[in-house]
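See below for the structure under consideration.
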Amino acid sequence: MTAVLSVASEAYPLVKTGGLADVVGALPGALAPHGVAVRTLLPGYPSVLSAMPDGETVAHFDDLFGGPAEIVAAAPRGLDVLAIDAPHLFGRQGNPYVGPDGRDWDDNALRFAALGKVAAEVGRGVAGLPAPDIVHMHDWQAGLAAAYLAFAPHPRPKTVATIHNMAFQGWFPASVFGALGLPEAAFGIDGVEYFGGVGYLKAALQFADRITTVSPSYAAEIMEPDGGLGLDGLLRARADVVSGVLNGVDVEVWNPETDPALASPYSAANPGGRDANRRALAQEFGLDVGDGVLFAVISRLSSQKGLDLLADAMPTLLGVGGTLALVGAGEPWLEERFSRLAAEHPGRIGVFIGYDERKAHLVQAGADALLVPSRFEPCGLTQLCALRYGALPVVSRVGGLADTVIDANPAAIAAGVATGVQFSPTSQGALEAALRRTAALHADSDLWTGIQRNGMRSDVSWDASARTYAKLYAELART
Ligand SMILES: Nc1ncnc2c1ncn2[C@@H]1O[C@H](COP(=O)(O)OP(=O)(O)O[C@H]2O[C@H](CO)[C@@H](O)[C@H](O)[C@H]2O)[C@@H](O)[C@H]1O
């Protein structure tokens, strides 16, 4: 059995702002059959602690960056969780990163230094807990653990850093360095220093024994300046320890045969059951759907996701007889843009601004096609859910989207392996061409159902990737 301490700022279903939480929440269950026992260390946000009423205090810190803290252990919702109960750092309602004014909390440097520091302490077994073989850090919020461990006395566990999104790097001004409790020698180009300040993701990539990201294509993209956003040089220098491991989805949560959010269950063998979901979706979003393509979006509304291009391409989507159902929340200018479009095109565009799991499931079950026009996409989870639910993914050919969808080009159609539509580059023109191509495919119902069936039969589970992580951990633990 390999023991892993997984360190992250989010884990579904306890706290979630994006796909990071889905992955951190699903990996422990996926890894258990492969001989890996995962404990997950999380900040004790109110939503985390309230899910652990029977939590046991297993360690205490007199002063964790400005106040006392405890580590609380419990097994909420099937996860083996250690939560850092530090009210001065994490006892705030709402979003984990930003205050009610929408701005980052002033003390984020200290809040996530605390997560890294406690991870390092637990990792070395000094907090009175059994030391794991591996500390697995997810994204910048956990990154400083690698620096604390690098400067700690031996023995120390091996470390893995996973990049879920290179656009969030956890950069803070140099003035925070003094408060971190790292030795002076750590503030250098071979340490945590990054563009004159402190880089938490940089620290992870500098010191981790292995670096992974969530698709092979994204692993290649982040070694180039456009994708690496300042960290590409470091990644190229460490290319021998970098790899891409695709995400999966929890196929119990995403199962159209048992999903309670659906109007009608269905399966790959009986996709006709989707019709009732299409009608329910149309009704819920106020859409007059005819024979045209019912397109959908389920997404954080951010420029990463390329949805401004979709807003610009709406005349084409409507022109090919399409309708659109969108579930999303995020940047106000995009929320306003889509709300306005819906108001201008009643019956053709239906928009729900907010976060709603039930709607996300119903949309996947009822839509004909799911649009993911991302500018970059480390892996992407919604296109995996779409494949499983029989909504054809229409995606830009970047990152994990390139790795998980097989474009319905003539060769793939002839070979009977197409699962969706890809386009490149991520531009309005290429997206519009993809919308036209999708409508043409849809008009040929035998062809369409064949592509749909291929997608529904493709393996989007964690199985293969869990094996890959288990192998990576076992190799590291042996060295
Ligand atoms: N309004 C809404 N209502 C309900 N559900 C909503 C929603 N908006 C989004 N979701 C859900 O949130 C998740 C989003 O995950 P993604 O992987 O697609 O993107 P994200 O960019 O957050 O994740 C980052 O991390 C993940 C994990 O590694 C990478 O796959 C990805 O490429 C990277 O950008 C999905 O489960 C989706 O269904």
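The values are calculated or read from the model by the stated rules, or taken from the named source; none is laboratory data. A quick note: this is a predicted structure, and the numbers were derived from the prediction, not measured. Neighbour counts run over all protein chains shown; Cβ positions are idealised from the backbone, glycine included. SASA here: full protein model, heavy atoms, side chains in, ligands and nucleic acids out. Shrake-Rupley method; radii C 1.70, N 1.55, O 1.52, S 1.80 Å.
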Selected residue (only one of ALA365, ALA311 is of a type outside the set (Asp, Glu) and closer than 21 Å to GLY429 by Cα) = ALA311
request  = Can you run down the residue pairs with Cβ atoms below 7 Å, 6 or more apart or on separate chains, where the first is in region 80-95 and over 18 Å from GLU56 (Cβ atoms) and the partner is at pLDDT 95 or above and surrounded by 22 or more Cβ atoms within 10 Å (Cβ to Cβ)?
outcome  = LEU89/ARG111; LEU89/ALA114; PHE90/PRO43; PHE90/GLY44; PHE90/TYR45; PHE90/ILE84; PHE90/ARG111
key: Residues located in region 1-44, provided they are more than 16 Å from the ligand (Cβ to nearest atom), surrounded by 23 or more Cβ atoms within 10 Å (Cβ to Cβ) and outside any strand (DSSP E or B)   = GLY44
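So which of GLY125, GLY99 ends up being within 24 Å of GLU475 (Cα to Cα) and out of contact with any Gly (no Cβ under 7 Å at 6 or more places or on another chain)?
GLY125
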query = If only one of ASP368, ASP356 is among the acidic types (Asp, Glu), under 22 Å from ASN255 (Cα atoms) and under 19 Å from the mean Cα position of the chain (by Cα), which one is it?
reply = ASP356
query = If you check GLY321, GLY292, which single one turns out to be crowded, with 17+ Cβ neighbours inside 10 Å, assigned to a loop (DSSP other than H, G, I, E, B), of a type outside the set (A, V, I, L, M, F, W, C) and more than 12 Å from the ligand (Cβ to nearest atom)?
reply = GLY292
Yes/no for LEU89 being assigned to a helix (DSSP H, G or I), under 13 Å from LEU115 (Cβ atoms) and away from the ligand (no atom under 16 Å from the Cβ) = yes
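This table checks each residue for (1) open to solvent by 40 Å² or more (accessible area, probe 1.4 Å); (2) touching a helix residue (DSSP H, G or I) at 6+ places or on another chain (Cβ under 9 Å); (3) at pLDDT below 95; (4) within 14 Å of the ligand (Cβ to nearest atom).
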| site | (1), (2), (3), (4) |
| --- | --- |
| GLU335 | yes, no, no, yes |
| PHE352 | yes, yes, no, yes |
| TYR389 | no, yes, no, yes |
| ILE406 | yes, yes, no, no |
ask   = Which residues, counting only those in region 229-243, are touching a residue at least 40 places away in the same chain (Cβ under 8 Å) and at negative phi?
value = LEU231, SER243
key: Positions within region 177-200 being part of a loop (DSSP other than H, G, I, E, B), of a type outside the set (D, E, K, R) and more than 16 Å from GLN141 (Cα to Cα), in sequence order   = GLY181, LEU182, PRO183, PHE187, GLY188, ILE189, GLY191, PHE195, GLY196
note = Note on PRO315: of the conditions (1) assigned to a loop (DSSP other than H, G, I, E, B); (2) surrounded by fewer than 17 Cβ atoms within 10 Å (Cβ to Cβ), unmet is (1)
remark   = When (1) surrounded by fewer than 19 Cβ atoms within 10 Å (Cβ to Cβ); (2) within 16 Å of the ligand (Cβ to nearest atom); (3) more than 19 Å from SER396 (Cα to Cα) are applied to ALA220, the one that fails is (3)
